[in-house]
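The values are calculated or read from the model by the stated rules, or taken from the named source; none is laboratory data. Small disclaimer: the values here were computed from a predicted structure and weren't measured. Because the Cβ atoms are built from the backbone with ideal geometry, glycine has one as well, and the counts that use them run over all protein chains shown. Remember, those area values only see protein heavy atoms, side chains included, never the ligands or the DNA or RNA. Shrake-Rupley method; radii C 1.70, N 1.55, O 1.52, S 1.80 Å.
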Amino acid sequence: MSVFTKRLDDFLVYVDDMSAIHGVLDRIIEWAQAGQAKVTLAGVVESLTPWTTDARGIATEVKNELANSVANQLTELSKTLMDSNLDVSVKVYQGDPATVLVQAALQDEYDLLLKAHNPVGGRFSHALSSIDRRLLRACPCPIAILRPQQPDHAGRLLAAVNSDPDQKDQRPITDNILAVATRAALAGFRELHILHVWSLYG
């Protein structure tokens, strides 16, 4: 099957910042509609370590409250996507965000993981967060990190791939990344740039 015809049926959308995700929601809807993909909105509640044995009950209670709050926010967000006739579900994971998202991608075989870019601030406002970098290194499916577009800006897509012919085990993920990038570029009439980084032997 060509990378241009490969179906992308299952999207996992990591929501770690509600205002940031609203800034890119139109593109998530656009991409999902283009492929008639199912969308799972995912939130992650990180583990709380109680300082004493007596605090375990309180830590569990706080974690449950946080999980309920995240689930409610995701449910509200899902209504916007359902209004666009998308098949949407909600999941709340517990643990380290990068770890649980990689596990979810492996277990449920998602075709694409999407998340909004959260600027780290200051002169590094375009830099990726530590979670972004960990996901890019470990996630078994393509990842799209979306930034809110400037008004009247057509936008560009950057697809980073490994095209080394000696690393044939990387070919499936490379094909998947190209499939995602191509479909997204066609759906939004955007420029597609493909990046490969290599170093000269010796």
| field | Net charge contributed by nearby residues that have their C-beta within less than 9 Å of Leu146 (K/R +1, D/E -1) | value | +3
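Just to verify a number: FRET efficiency for Thr75 and Asn162, C-beta to C-beta distance, R0 = 25 Å, to 0.05? Write down the numbers at each step before the final one.
Details: r = 38 Å, r/R0 = 1.52.
Computed FRET efficiency for Thr75 and Asn162 comes out at 0.05.
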| said: I'd like the accessible area for Ser47: 1.4 Å probe, protein heavy atoms, all chains in place, Å² to the nearest 10. | reply: 80
| note | FRET efficiency (Arg133, His196; Cβ distance; R0 22 Å; to 0.05) is 0.75
| message | Between region 75-99 and region 164-202, how far is it from one alpha carbon centroid to the other, in angstrom? | response | 27
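Can you tell me which of 169-175, 109-115, 85-91 comes out highest on packing, and rank the rest after it, using the mean Cβ neighbours within 10 Å?
Details: 169-175: 13.7, 109-115: 22.3, 85-91: 15.4.
Those peptides, ordered most packed to least, come out 109-115, 85-91, 169-175.
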| Projected label distance in nm at Glu61 and His22, using a 7 Å step from Cα toward the beta-carbon | 3.2
| message | At 7 Å along Cα-to-Cβ for each site, give me the label-to-label distance between Leu106 and Glu46 in nm. | response | 2.2
| said: Students often check this: by mean Cβ neighbours within 10 Å, which of 24-36, 63-75 ranks highest, and how do the rest follow? | reply: 24-36, 63-75
| field | Largest-first ordering by accessible area, 1.4 Å probe, given options His117, His193, His126, His22 | value | His126, His22, His193, His117
